[in-house]
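Trainee: Dropping a structure here in structure tokens format, bear with me for questions.
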Amino acid sequence: MGGKRRKNDDDSDVEESETAFSKRKKTVATEEKKDQLRPSMIKNKEKRSEVHAKLKHQKKLDKRAKAKARDAAVKKALELGEELPEKKVPRTIENTREFDETVCKPDDEELFAGNDADEFSSILNQQQTPKILITTCRFNSSRGPAFISELLSVIPNAHYYRRGTYDLKKIVEYAKNKDFTSIIVVHTNRREPDALLIIGVPNGPTAHFKLSKLVLRKDIKNHGTPTSHKPELVLNNFTTRLGSRIGRLIQSIFPQDPEFKGRRVVTFHNQRDFIFFRHHRYIFEKKEVKKAESKGKKDKDGKSDNVPEQKVIARLQECGPRFTLKLISLQNGTFDTKGGEYEWVHKAEMDTSRRRFFL
Amino acid sequence: MPRTTTLECSGCPPLRALTFDSLGLIKVVEARDKQWAIPQVVERWGEPESSKCVMAVSMIDRNSQPLLAVARKNNEIEVLSPVNGDIQTTISDASGLDDRSEENNIVGLHLFGKQNSELDSRYCTLLTCTTKGNASIRSIELADPSTRSSCIDSPKTWNVCSSGNILCCKVDRDENFALFGGKGVEINIWDINNLTKIWNSKPPPKNNLGIFTPTWFTSAAFLTKDDHRKFVAGTNSHQVRLYDISAQRRPVLSFDFRETPIKALAEDIDGHSVYVGNGSGDMASFDIRTGKMLGGFSGKCSGSIKSIVRHPELPIVASCGLDCYLRLWDTKTRQLLSAVFLKQHIMHVLFDSKFDLKGVDSSLPSKEKTQTEMIPSEEVEELPLKRKKSSRNKEHTEDGSERKKKSKHSKERKKSEGKDEGEKIGSRDERRKSKLKKKKSSSISELLFG
């Protein structure tokens, strides 16, 4: 590119000024680079590859030296008991996310007022216990029923109703009359669950999720079988307005008074707009720490202090299904595809940047 | 650095818009710069409360004593001043109609501007219409807000429909005729002066499969200022229809727009283009004479559009809805000028066209204005963010202009080498002048000189 530009310089003045402008903007590092002969400027292939290999090798050495220096600094700091040098945080897509003004702020009274007024507040304030109706699409077989039986074990107070040939709107009516608080519809395509519809019942919103990467319990190695205790719920990273709304929708499915005795955790972890579902049982174990050290002590003191140092560690055992959700649309009111008003719909034109997230 | 695409919003000419949201808050959005500015929330009226969700609004937009009426979910109507948000009077419906329930909310509201001016300025006349079809016209005295004022004369009430739900209610510009339509209600036009139904639309015939789509009007708008005979209506079955009273009872023209119900309609001042917004956040403008789409308004609008308003003078159209944004668009280029995040579902938006910059400029340095700005806590947070954005934009523009300047420098240097001294100086002067001007004008001057 640079070579070409240089050629063009003589032709047009505008470009010259432009390059001058860009040159000024560039940092010192690039100026140094300019002095060197860049391999792409060499036309002879043999020579070019030679220079390129050399450069690459040099880069590798530099990198190694840098790492070495860093390690040495850490070691030195450890020895002297100083503070460790700051670890550089790698730049990821998440932490270079596009600025989003809809991210909830902790001291936003309008947000709290909005939350108090929304459809889930009666459940989340424990005035109402959640009661869930689970149903399927019209045709349901193979992994669908298996998934539903596992969902039933995950969500307390969930009831499975066969879909039959009822319209979803009729089912919503039925659920309203029977005091259900939400409906979950598992949609199956080609004997594989591929979509999840969560409907808040009296007048709550309807969220349509794409369901993927479903792993059932029996396919998880060393899985546990969940007890019937009410689980604890972990919702991670639901930061924006839309995210908090989805978070509250999910929260309203589960009872708000977990039984800690059961040590069950259900996690909904949002990362880059994908919501990962995991279901675990945890256990706190007391373990002796650093046997090698204690052995050394034994050698020195001769079994004088028999009390081993103990440390509490948490261990996890996965139980229940594992799946990933992605929000497709959030509709105001109960299920109504023809006349419904959407609060949020995913559109193709939104995906112009990898660093834009909506949840 | 990561490559990020920022939405390029050029900003708006000075304007003032009022937004009404689902928590009953009224927010004033103003763009104050003389040139192109980023609009900001400058004031917030009311306290967040879900029962005060705004159902319908109406404003008399005039220089002296403008008025704003807001109908809320708890069936209260407030009359306020759109300048400073002072509540002039509140009417609860005990004084109005008797059979009001949760289901029977006010959906249509109109403040009469014409009749009001004839009467004493202390009175205003209101047309209200509820979901069940109870319409009423009443005059209210604008007393002080502490006392609940009652109507001076008994309200004229009538029933628009026997069954179904009214969803849209509009009054034409001359304020002689009112239009009602809704779910299961064909569009009626009433003569307000003597309360007679003058026209009733007829549903389109069954289609070739013999399927009849049920009547469900969601929005309507009179097409031109001086003509009450032509109006546009949007239906739940995503159809936009043009009716002409003088021609026939069935729609003169109808066309489909996307797949979700039409939720908002607005007419342009030119009288032949309409803006259509639907339930999944798509917005487009149509030429109603031909039914052809002029173009869509695209800009990451993801929530249902609740209201579209055309600015009476400037070429700007505003849309708002469930995505919590107020969006301002250019009517010609259909580009997004600016989007303001307003935190709640916004039910309505209105333009205050009598907003002039001079008044604001003179009042800005004064302490009163700044104090009122600082009171709501959000403003303090929001302002720096907005400012940042605007400053970033400014940098961008500066960059661009600088680059342009430089390129011009070199160009002119080359050109002026051959020429004599005097002209050089002249050209430089011209350049200095053109710096201040916009890109276009500068390039024109360059053409003239070079």
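The values are calculated or read from the model by the stated rules, or taken from the named source; none is laboratory data. If you're wondering where the values come from, they're calculated on a predicted model, not measured in any experiment. Reconstructed Cβ throughout: ideal geometry from the backbone, glycine too, with neighbour counts over all protein chains shown.
Trainee: Going residue by residue through the range A:141-164, is there one that turns out to be within 14 Å of chain B (Cβ to nearest Cβ), among the aromatic types (Phe, Trp, Tyr) and closer than 26 Å to A:GLN271 by Cα? Give the steps one after another, and end with the answer.
Mentor: Our first condition is that a residue be within 14 Å of chain B (Cβ to nearest Cβ); within the range A:141-164, this holds for none.
Checking the range A:141-164: not a single residue is within 14 Å of chain B (Cβ to nearest Cβ), among the aromatic types (Phe, Trp, Tyr) and closer than 26 Å to A:GLN271 by Cα.
Trainee: Residue check: is B:SER201 surrounded by 20 or more Cβ atoms within 10 Å (Cβ to Cβ), within 20 Å of B:HIS272 (Cα to Cα) and not charged (D, E, K, R)?
Mentor: When the stated conditions are applied, B:SER201 does not pass them.
Trainee: Within the range A:80-104, track down each residue that is exposed (fewer than 11 other Cβ atoms within 10 Å of the Cβ) and at the interface with chain B (Cβ under 8 Å from one of its Cβ atoms).
Mentor: Scanning the range A:80-104 gives a single hit, A:ARG91.
Trainee: From the set of residues in the range A:322-355 that are small (Gly, Ala, Ser) and closer than 15 Å to A:ASP273 by Cβ, which is nearest to the other protein chains (Cβ to nearest Cβ)?
Mentor: Selected residue: A:SER353.
Trainee: Looking at the range B:1-27, which of the residues that are at pLDDT 65 or above and in contact with an Asp or Glu (Cβ under 6 Å, 6 or more places away or on another chain) is farthest from A:GLU109 (Cα to Cα)?
Mentor: B:ARG16
Trainee: Any residue that is touching a strand residue (DSSP E or B) at 6+ places or on another chain (Cβ under 9 Å) and small (Gly, Ala, Ser) - is there at least one of those in the range A:118-137?
Mentor: No: the range A:118-137 contains no residue that is touching a strand residue (DSSP E or B) at 6+ places or on another chain (Cβ under 9 Å) and small (Gly, Ala, Ser).
Trainee: Considering (1) touching a residue at least 40 places away in the same chain (Cβ under 8 Å); (2) surrounded by 14 or more Cβ atoms within 10 Å (Cβ to Cβ); (3) under 22 Å from A:ARG278 (Cα atoms), say which one A:ASN222 fails and leave the rest.
Mentor: Checking A:ASN222 against (1) touching a residue at least 40 places away in the same chain (Cβ under 8 Å); (2) surrounded by 14 or more Cβ atoms within 10 Å (Cβ to Cβ); (3) under 22 Å from A:ARG278 (Cα atoms), the one that fails is (2).
Trainee: With respect to A:LYS66, determine if the residue is at pLDDT below 90 and assigned to a helix (DSSP H, G or I).
Mentor: For A:LYS66, the condition - at pLDDT below 90 and assigned to a helix (DSSP H, G or I) - is not met.
Trainee: Next question, about the same structure. Just checking, does the range B:35-44 include any residue being more than 14 Å from every other protein chain (Cβ to nearest Cβ) and assigned to a loop (DSSP other than H, G, I, E, B)?
Mentor: yes
Trainee: Shifting gears a bit: For the range A:57-105, enumerate the residues that are within 30 Å of A:SER353 (Cα to Cα), of a type in the set (Asp, Glu) and touching a helix residue (DSSP H, G or I) at 6+ places or on another chain (Cβ under 7 Å).
Mentor: Start the filter on the range A:57-105 by keeping residues that are within 30 Å of A:SER353 (Cα to Cα), which leaves A:87-105.
If we keep only those that are of a type in the set (Asp, Glu) as well, we get A:94, A:98, A:100-101.
Passing the criteria: only A:GLU101.
Trainee: Continuing with the same structure: Yes or no: the range B:291-308 includes at least one residue that is away from chain A (no Cβ under 12 Å) and surrounded by 19 or more Cβ atoms within 10 Å (Cβ to Cβ).
Mentor: Of all residues in the range B:291-308, those away from chain A (no Cβ under 12 Å) come to B:291-295, B:307-308.
When the remaining residues are screened for being surrounded by 19 or more Cβ atoms within 10 Å (Cβ to Cβ), the result is B:307-308.
Yes, because at least one residue in the range B:291-308 is away from chain A (no Cβ under 12 Å) and surrounded by 19 or more Cβ atoms within 10 Å (Cβ to Cβ).
Trainee: Residue check: is B:GLY281 without any contact (Cβ under 8 Å) to a residue 40 or more places away in the chain and touching a strand residue (DSSP E or B) at 6+ places or on another chain (Cβ under 9 Å)?
Mentor: Working: without any contact (Cβ under 8 Å) to a residue 40 or more places away in the chain: no; touching a strand residue (DSSP E or B) at 6+ places or on another chain (Cβ under 9 Å): yes.
Considered against the rule, which asks whether it is without any contact (Cβ under 8 Å) to a residue 40 or more places away in the chain and touching a strand residue (DSSP E or B) at 6+ places or on another chain (Cβ under 9 Å), B:GLY281 comes out as no.
Trainee: What's the number of the condition A:SER244 fails, among (1) in contact with a Cys (Cβ under 9 Å, 6 or more places away or on another chain); (2) more than 22 Å from A:LEU359 (Cα to Cα); (3) in contact (Cβ under 8 Å) with a residue 40 or more places away in the chain?
Mentor: Condition (2) is where A:SER244 drops out.
Trainee: If B:THR333 meets every condition in (1) in a loop (DSSP other than H, G, I, E, B); (2) touching a residue at least 40 places away in the same chain (Cβ under 8 Å) apart from one, which number is that one?
Mentor: B:THR333 satisfies all of (1) in a loop (DSSP other than H, G, I, E, B); (2) touching a residue at least 40 places away in the same chain (Cβ under 8 Å) except (2).
Trainee: Taking into account only those residues within the range A:124-159 that are in a helix (DSSP H, G or I) and hydrophobic (A, V, I, L, M, F, W, C), which is farthest from A:PRO258 (Cα to Cα)?
Mentor: By that ranking, first place goes to A:ALA146.
Trainee: I'm checking my understanding of the structure. Among residues of the range B:306-330 that are over 18 Å from B:LEU294 (Cβ atoms) and outside any strand (DSSP E or B), which one is nearest to the chain's Cα centre (by Cα)?
Mentor: Step by step, filter the range B:306-330, then rank; the result is B:PRO312.
Trainee: A follow-up question, please. Spot the failing condition for A:LEU78; the list is (1) at pLDDT below 85; (2) outside any loop (DSSP other than H, G, I, E, B), and only one is missed.
Mentor: (1)
Trainee: Here is a follow-up. Please go through the range B:205-258 and pick out each residue that is more than 16 Å from B:ILE288 (Cα to Cα) and within 14 Å of chain A (Cβ to nearest Cβ).
Mentor: B:ILE211, B:THR213, B:PRO214, B:THR215, B:TRP216, B:PHE217, B:THR218, B:ASN236, B:SER237, B:ARG258
Trainee: Turning to a different aspect of this structure: Among the residues of the range A:215-245, what is the count of those that are within 24 Å of A:ASP107 (Cα to Cα) and more than 14 Å from chain B (Cβ to nearest Cβ)?
Mentor: 7
Trainee: List every residue pair whose Cβ atoms sit under 7 Å apart, with the two residues 6 or more apart in sequence or on different chains, where the first one lies in the range B:33-53 and is under 21 Å from B:ASP356 (Cβ atoms) and at pLDDT 85 or above and the second, anywhere, is among the acidic types (Asp, Glu) and in a helix (DSSP H, G or I).
Mentor: B:VAL41/B:GLU379; B:VAL41/B:GLU382; B:VAL42/B:GLU373
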